[in-house]
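What follows is a set of notes on a single structure, which appears directly below.
The values are calculated or read from the model by the stated rules, or taken from the named source; none is laboratory data. What you see is a predicted model; the values in this text were computed from it and never measured. As a convention, Cβ positions derive from the backbone with ideal geometry for all residues, glycine included, and neighbour counts pool all protein chains shown.
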Amino acid sequence: MIAGQKQARIAWRGTSRGSVTLIHRHRWLAPLLLLAPGLAWLAVFFLVPLGFLGYQSLESGSFETGYSFTWEFSNFWDAITGYDEQLIRSFLYAGIATVATLLISYPLVYWIAFHGGRWKNLLLLFIVAPFFVTYLIRTLAWQNILADEGPVVGFLRNIHVLDADGRLLATTLAVVAGITYNFLPFMALPVYVSLEQIDARLLEAAQDLYASKTKAFLRVTLPLSAPGIVAGTLLTFIPAAGDFINAQLLGTPNQYMIGNVIQSKYLELIDYPAAASLSFVLMALIMISLLVYARVVGTERLTG
Amino acid sequence: MTTAAEALPARPQPSAAARAWAFVRRHALGFYSVLALTYLMLPIAVVILFSLNQPAGRFNYTWEKFTFDNWTNWDAVPGIRDAVILSLEIALLSTIVATVLGTLVALALVRHRFRARGSTNLLVFLPMATPEIVLGASLLTLFLQVRFATGFTTIFIAHVMFIISYVVVTVKARLVGFDRHLEEAAMDLGANEWVTFYKVTLPLIAPAILSAALLGFAISIDDFVITYFNAGSETTFPLFVWGAARVAVPPQVNVVASAIFLIAITAMVINVIIQSRRGRQAKGIA
């Protein structure tokens, strides 16, 4: 009986050591085992669907007759020529909103990083707070604030910035402002991180060398925060270009972006090939704008 | 005996306007920041305020009357309770799965050198750099092609897919500064690889895993676009809001949103306080 237990224990140790030596002997196995489940999920549910989307973008036919694969490259041409207005609008709105998030958030996070003291983390919480209110509801709240009968429109009409029947809701301004608000934390956080890492002694050194405050900012602080600005630009611009919620809730069809077209083609008109080719056009244009951006700011900054 | 100040020639007193200007200049940034923070808080305040409103008609646009009724009868609107429960279920389930899968990938990326590291990093990064609408549309294409009915399972699959990348990035960031000597010490003391992982590695990276999981949960519960494409006839809370927005949003939607906000913000505040206490303690020891 006791001997049996001992034997069992030895056997157990044996297997345990066996599995360990197995990993030791095949060192390449360990990362493979760790990676396999996660990467498989991404491959099957991200890469493969993109492949299917590409396949679908080259189909022809209609919802009634069904779709068949015919290398229909004209879908792409139709997508670009038919919806050039919405495409341009998407990139224009996303671009303006990205610049606006930078201009609004930079002074704020600068103040938190350099004058926040012990309240830094608590102040930072204010910046991420909008994330904890559902995206759609944040946007609906703006609908509420900018409504015709709301206080903002009333005030602007009183001081004659707006005409007596002037509106804020259902205008381009409202859509761009909505995108700006919704994506502001994506810009603010990376910029904050890069500002927070700046060694205060560098600024002292600049002032010792007779740099004015403005000059010290332009020559030291701003360049050192550039990585944060670059990261923030990517994080803001990409989702903003594909957004359709702000245009839908705060705008009219005159403000519709490419996301609105893709969404309605896919889910309302059931025109899969057109929706798929538009999705690819959107991705390609984002890629192109990133490459242009990379040329402007320098590749090493983009890849960090 | 004269003091230094008296010895100096009297400086001309700055005029009131100049002093006011100096005051403005000194405090302009702080003043601006308060304004900017107010701007960030404004919609949140509106959401909470209108959760306490008793709308006159169907539209909850103008302030009528203060009431707590919406909070006590938060599930009086048909469908809202089911939508909230579904959102919580999906968020919990997909966060657990994605956190496990993502943590394993992060461990492999930080601790092992292998040939496909570059392409692995790319595969993890790409879903975050793809517009949500493309992620949602392509996933729906897959389900349509293989004739897989959309519903609970497809929402779950989609959520795990987009959370994984965030988990990998968050955990990886913390693992980079990880002291591997601690693991070596455990192995020297006779622990095998599993015990070392369980007793040393896991407790050390637990905070990173927890913050990744919280981030994943928050993203999942907030997601509209990808879910919209892959939900079939199921309704999560954001989808419920979308449906309601086409007609009139009941104040109960504001109640749920306010509750989610207050719970999340309380958790964050507690976290900040604990972190800063710990930081001060650590400084005290040093």
**OP:** Sort out which residues of the range B:261-272 are more than 9 Å from chain A (Cβ to nearest Cβ), of a type in the set (A, V, I, L, M, F, W, C) and more than 12 Å from the chain's Cα centre (by Cα), and write them in order of number.
**Re:** B:270
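Looking at A:250, A:235, can you tell me which residue is farther than 16 Å from residue A:90 by Cβ and either in the same structural domain as residue A:85 (by TED's automatic domain parsing) or at pLDDT 90 or above (or both)?
Working: A:250 fails: farther than 16 Å from residue A:90 by Cβ.
The match here is A:235.
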Original post:
What about residue A:284, is it in contact with a Ser or Thr (Cβ under 6 Å, 6 or more places away or on another chain), at pLDDT 85 or above and aliphatic (A, V, I, L, M)?
Top reply: no
**OP:** Can you tell me which residue within the range B:1-35, out of those that are surrounded by 10 or more Cβ atoms within 10 Å (Cβ to Cβ) and small (Gly, Ala, Ser), is modelled with the highest pLDDT?
**Re:** B:33
**OP:** Go through the range B:78-163 and tell me which helices (runs of 4 or more DSSP H), entirely inside it, have 2 or more residues that are under 30 Å from residue A:274 (Cα atoms) and assigned by TED's automatic domain parsing to the domain that holds residue B:217.
**Re:** B:117-129, B:132-145
Subject >> Residues located in the range A:265-287, provided they are under 21 Å from residue A:176 (Cα atoms) and more than 9 Å from every other protein chain (Cβ to nearest Cβ) >> reply: A:285
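Considering B:180, B:117, B:147, which residue is of a type outside the set (Phe, Trp, Tyr), within 12 Å of chain A (Cβ to nearest Cβ) and farther than 23 Å from residue B:95 by Cβ?
Result of the check over B:180, B:117, B:147: B:117.
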Original post:
Here are some residues: A:194, A:225. Which one is more than 19 Å from the chain's Cα centre (by Cα), surrounded by 13 or more Cβ atoms within 10 Å (Cβ to Cβ) and of a type outside the set (Val, Ile, Thr)?
Top reply: A:225
**OP:** Among the residues of the range A:97-110, write down those that are more than 8 Å from chain B (Cβ to nearest Cβ) and of a type in the set (A, V, I, L, M, F, W, C).
**Re:** A:97, A:99, A:100, A:102, A:103, A:109
Subject >> Identity of the residue in the range B:92-114, at pLDDT 95 or above, surrounded by fewer than 24 Cβ atoms within 10 Å (Cβ to Cβ) and more than 9 Å from chain A (Cβ to nearest Cβ), that ends up farthest from residue A:41 (Cα to Cα) >> reply: B:92
**OP:** Sort out which residues of the range B:156-175 are β-branched (Val, Ile, Thr) and either at the interface with chain A (Cβ under 8 Å from one of its Cβ atoms) or in contact with a helix residue (DSSP H, G or I) (Cβ under 6 Å, 6 or more places away or on another chain) (or both), and write them in order of number.
**Re:** B:157, B:160, B:163, B:164, B:167, B:168, B:170, B:171
**OP:** Name the single residue, out of those in the range A:125-153 being touching a Leu at 6+ places or on another chain (Cβ under 8 Å), in a helix (DSSP H, G or I) and more than 8 Å from chain B (Cβ to nearest Cβ), that is surrounded by the most Cβ atoms within 10 Å (Cβ to Cβ).
**Re:** A:139
Subject >> Counted residues, the range A:201-242 - those being touching a residue at least 12 places away in the same chain (Cβ under 8 Å) and of a type outside the set (Ser, Thr, Tyr) >> reply: 22
**OP:** Can you tell me which residue within the range B:36-63, out of those that are among the β-branched types (Val, Ile, Thr) and more than 7 Å from every other protein chain (Cβ to nearest Cβ), is surrounded by the fewest Cβ atoms within 10 Å (Cβ to Cβ)?
**Re:** B:38
**OP:** Report, ordered by the first and then the second residue, all pairs with beta carbons closer than 8 Å, sequence separation of six or more or different chains, a first member in the range A:32-43 that is at the interface with chain B (Cβ under 7 Å from one of its Cβ atoms), and a second member that is of a type in the set (Ser, Thr, Tyr) and part of a helix (DSSP H, G or I).
**Re:** A:35/B:120; A:39/B:120; A:42/B:165
Original post:
Of the residues in the range A:104-126, how many are at pLDDT below 85 and closer than 20 Å to residue A:236 by Cβ?
Top reply: 0
**OP:** Provide a single number: the residues in the range A:78-98 that are farther than 30 Å from residue A:229 by Cα and surrounded by 12 or more Cβ atoms within 10 Å (Cβ to Cβ).
**Re:** 5
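Could you list, in sequence order, all residues of the range A:228-258 that are outside any helix (DSSP H, G or I) and surrounded by 22 or more Cβ atoms within 10 Å (Cβ to Cβ)?
Those that are outside any helix (DSSP H, G or I) and surrounded by 22 or more Cβ atoms within 10 Å (Cβ to Cβ): A:242, A:243, A:244, A:251, A:257.
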Subject >> Residue list for the range B:204-235, filter: among the β-branched types (Val, Ile, Thr) and at the interface with another protein chain (Cβ under 10 Å from one of its Cβ atoms) >> reply: B:219, B:221, B:225
Subject >> Of all residues making up the range A:111-124, the number that are of a type in the set (Phe, Trp, Tyr) and at the interface with chain B (Cβ under 7 Å from one of its Cβ atoms) >> reply: 1
Subject >> Whichever residue in the range A:154-168 is more than 12 Å from chain B (Cβ to nearest Cβ) and of a type in the set (Gly, Ala, Ser) and, among such residues, is nearest to residue A:246 (Cα to Cα) >> reply: A:166
**OP:** Identify all residues within the range B:163-187 that are buried (at least 16 other Cβ atoms within 10 Å of the Cβ) and under 19 Å from the mean Cα position of the chain (by Cα); write none if there are none.
**Re:** B:163, B:164, B:165, B:166, B:167, B:168, B:169, B:170, B:171, B:172, B:174
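Is it true that residue B:264 is buried (at least 19 other Cβ atoms within 10 Å of the Cβ) and not polar (S, T, N, Q)?
Yes.
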